[in-house]
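The values are calculated or read from the model by the stated rules, or taken from the named source; none is laboratory data. If you're wondering where the values come from, they're calculated on a predicted model, not measured in any experiment. Please note: Cβ atoms are built from the backbone with ideal geometry, for glycine as well, and neighbour counts cover all protein chains shown.
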Amino acid sequence: MPTETKSHPWMALSAPGAIDDMLKTIGVSKVADLFEQIPQDHYRKKPLDMPPALTSEMELRRDLVTRLKQNGDCESNLSFLGAGVWQHHVPAIVDEIVGRTEFATNVWGSYQSDHGRNQAWFEFSSQLGALLNLDVVQLPVYSWGCAIGHAMRMAARITGRSKVLVPQLSDPERLSVIKTYCQPTEMDDSIEVVMVAADPATGRLDLSDLKSKLGSDIAAVYFENPGYLGTIETEAAEIAKMTRAAGAETIVGVDPSSLGVMTAPGDYGADIVTGPVQPLGVHMQCGGGAGGFIASRDEERYVHNYNGFLVSIADTARSGEFGFGLACPHQNSYGMREDGNDWTGNSTYLWAIAGAVYMSLLGPEGFAELGRLIVSRARYAARLLDEIAGVKVMWPDGHFKEFVVNFDGTGRTVSDINDALRAKGIFGGKDISEEGLNLGQSALYCVTEVHTAADIRRLADTLREILA
């Protein structure tokens, strides 16, 4: 008796005969014909050992909830993790607005028709531009690392050069993305990534090493302020001056939550600025969904080298009325495909809406208050941890939100300490002991406005208990 076939409840095109109809329409006899270009040794030899299919919505929900309960989250645990995705407060109104169907759609309309959406995007770009003291802000790309990679390729196109200088103390994840964007040396438009040493006394760029590596072949110098390890680059203006004298572009990575208390990069000579949008009203995401921005001065050589979408404002035929639309859309991969400046990449434009709402809620005074709160609580945490026997906070005099805690004096590994903290409902700092930074058994701790003084004292007391 033949086996009964039926549609899968979660796969719309699984109805009996659907695949045969599609194959007939495109003129092939079997599904394997569609993948003939894949070598046979690339195929699995054994089928995947999959659990039985769940055909009931009730079964599916129970299975998903059971799996999700195995996770430990930052609501039921006290977290001091950062390093690219940080725990900030997201006002309820941000979630309310980004969840509206005008914005949270699976397909976005054409720029000729979506004036409301374009206006919201323009608000994001203009408000972030005010924070950065720059004129042009592109809609977010997939991640901060992607934004840096695109910015470096912009600089290479602008200067016609093929080397970039990057701090030795860089986030390995972002550095990996940067190297991917700069491409292998076999590629015609490959960009060489050269590392610049850090001053061991401060964690900042070693300006003498930077000077020795600056030359006529350098397209850009990239540094972050605050840096990956929370350090503040006090010589940022001098770095920009040295870079400009060498005919290269200054690319700065910046955490926008710092700009209420730190100098805007546009004020100390940054040419191109990148950064994450996640601190601007975006919840921590499990894999992607964070987004990164690119900004610059409003000069033709920069504007014509962007890879994504720029939103602009213009008068209409009716006096006093304004319209919003995309500027220079022809030059990205949507407009010119493989002949565009660069591939535009995945859309994270919903977070531009979140950012617009978040920035409008805080305003200048709100950002200043946020920055002061983060600085004071992070320094309080650093002071308490530094008082623990065997624990040392590195470069304690200048950091924002994050700081390095060294545990060499305790005789314990960061991994062991974090396991012990986790058993007590605390996520310790990110283990950076195996990142090749030559910092020993160290962890990167993060403190934001969500951490109370009691939270910080709980961390310090628990560490004392673990290390006793």
Test for Gly411: is it buried (at least 20 other Cβ atoms within 10 Å of the Cβ) and either under 26 Å from the mean Cα position of the chain (by Cα) or over 25 Å from Asp73 (Cα atoms) (or both): no
Selected residue (only one of Gln37, Gln87 is out of contact with any strand residue (DSSP E or B) (no Cβ under 9 Å at 6 or more places or on another chain), in a loop (DSSP other than H, G, I, E, B) and among the polar types (S, T, N, Q)): Gln37
Flag if Gly320 is surrounded by 14 or more Cβ atoms within 10 Å (Cβ to Cβ) and either out of contact with any Phe, Trp or Tyr (no Cβ under 8 Å at 6 or more places or on another chain) or not polar (S, T, N, Q) (or both): no
Wholly enclosed strands (runs of 3 or more DSSP E) of region 365-468 bearing at least 1 residues closer than 20 Å to Leu169 by Cα, in contact with a Leu (Cβ under 9 Å, 6 or more places away or on another chain) and of a type in the set (Ser, Thr, Tyr): 442-446
Residue match in region 76-96 (condition: of a type in the set (Ser, Thr, Tyr) and over 30 Å from Gly371 (Cα atoms)): no
Out of Ala314, Ala354, Ala290, sole residue that is without any contact (Cβ under 8 Å) to a residue 40 or more places away in the chain, assigned by TED's automatic domain parsing to the domain that holds Ser258 and either assigned to a strand (DSSP E or B) or within 22 Å of Pro256 (Cβ to Cβ) (or both): Ala314
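Results for (1) closer than 23 Å to Pro265 by Cβ; (2) in contact with a Ser or Thr (Cβ under 8 Å, 6 or more places away or on another chain); (3) of a type outside the set (Phe, Trp, Tyr), shown as yes or no for each residue.
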| position | (1), (2), (3) |
| --- | --- |
| Ser176 | no, no, yes |
| Thr180 | no, no, yes |
| Val194 | yes, no, yes |
| Gly203 | yes, yes, yes |
| Ser216 | no, no, yes |
| Pro226 | yes, yes, yes |
| Glu233 | yes, no, yes |
| Ala240 | yes, yes, yes |
Checking Asp135 against (1) charged (D, E, K, R); (2) more than 25 Å from the chain's Cα centre (by Cα); (3) surrounded by 12 or more Cβ atoms within 10 Å (Cβ to Cβ), the condition it does not meet: (2)
Given (1) touching a helix residue (DSSP H, G or I) at 6+ places or on another chain (Cβ under 7 Å); (2) acidic (Asp, Glu); (3) under 25 Å from Val303 (Cβ atoms), index of the condition Glu235 fails: (3)
Residue match in region 55-72 (condition: under 25 Å from Phe427 (Cα atoms) and touching a residue at least 24 places away in the same chain (Cβ under 8 Å)): yes
Among (1) in contact with a strand residue (DSSP E or B) (Cβ under 9 Å, 6 or more places away or on another chain); (2) at pLDDT below 95 - the single one Met187 does not satisfy: (1)
From Ile148, Ile218, Ile158, Ile191, residue being crowded, with 24+ Cβ neighbours inside 10 Å and outside the structural domain of Met394 (by TED's automatic domain parsing): Ile148
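Conditions tested, residue by residue: (1) farther than 29 Å from Ala104 by Cβ; (2) at pLDDT below 90; (3) surrounded by fewer than 23 Cβ atoms within 10 Å (Cβ to Cβ); (4) of a type in the set (Gly, Ala, Ser).
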| position | (1), (2), (3), (4) |
| --- | --- |
| Asp267 | yes, no, yes, no |
| Leu280 | no, no, no, no |
| Ile294 | no, no, no, no |
| His304 | yes, no, yes, no |
| Asp315 | yes, no, yes, no |
| Leu326 | no, yes, yes, no |
| Ser333 | no, yes, yes, yes |
| Gly345 | no, yes, yes, yes |
Hits in region 144-175 (condition: within 19 Å of Met187 (Cα to Cα) and hydroxyl-bearing (Ser, Thr, Tyr)): Thr159, Ser162
Which numbered condition Tyr349 misses (of (1) under 30 Å from Val303 (Cβ atoms); (2) loosely packed, with under 15 Cβ neighbours inside 10 Å; (3) in contact with a Leu (Cβ under 7 Å, 6 or more places away or on another chain)): (2)
Flag if Gly82 is within 16 Å of the chain's Cα centre (by Cα), crowded, with 18+ Cβ neighbours inside 10 Å and at negative phi: yes
Residue in region 265-282 that is assigned by TED's automatic domain parsing to the domain that holds Glu233, among the acidic types (Asp, Glu) and without any contact (Cβ under 8 Å) to a residue 12 or more places away in the chain present: no
Scope region 162-211; condition of a type in the set (Asp, Glu), in contact (Cβ under 8 Å) with a residue 24 or more places away in the chain and assigned to a helix (DSSP H, G or I); matching residues: Glu173
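A quick yes/no check of all residues on (1) charged (D, E, K, R); (2) closer than 30 Å to Glu449 by Cβ; (3) touching an Asp or Glu at 6+ places or on another chain (Cβ under 7 Å); (4) surrounded by 10 or more Cβ atoms within 10 Å (Cβ to Cβ):
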position	(1), (2), (3), (4)
Lys6	yes, no, no, no
Ala12	no, no, no, no
Asp21	yes, no, no, yes
Lys24	yes, no, no, yes
Pro51	no, no, no, no
Val65	no, no, no, no
Glu96	yes, yes, no, yes
Selected residue [of a type outside the set (A, V, I, L, M), farther than 24 Å from Leu310 by Cα and assigned by TED's automatic domain parsing to the domain that holds Gly281] from Glu102, Glu123, Glu96: Glu96
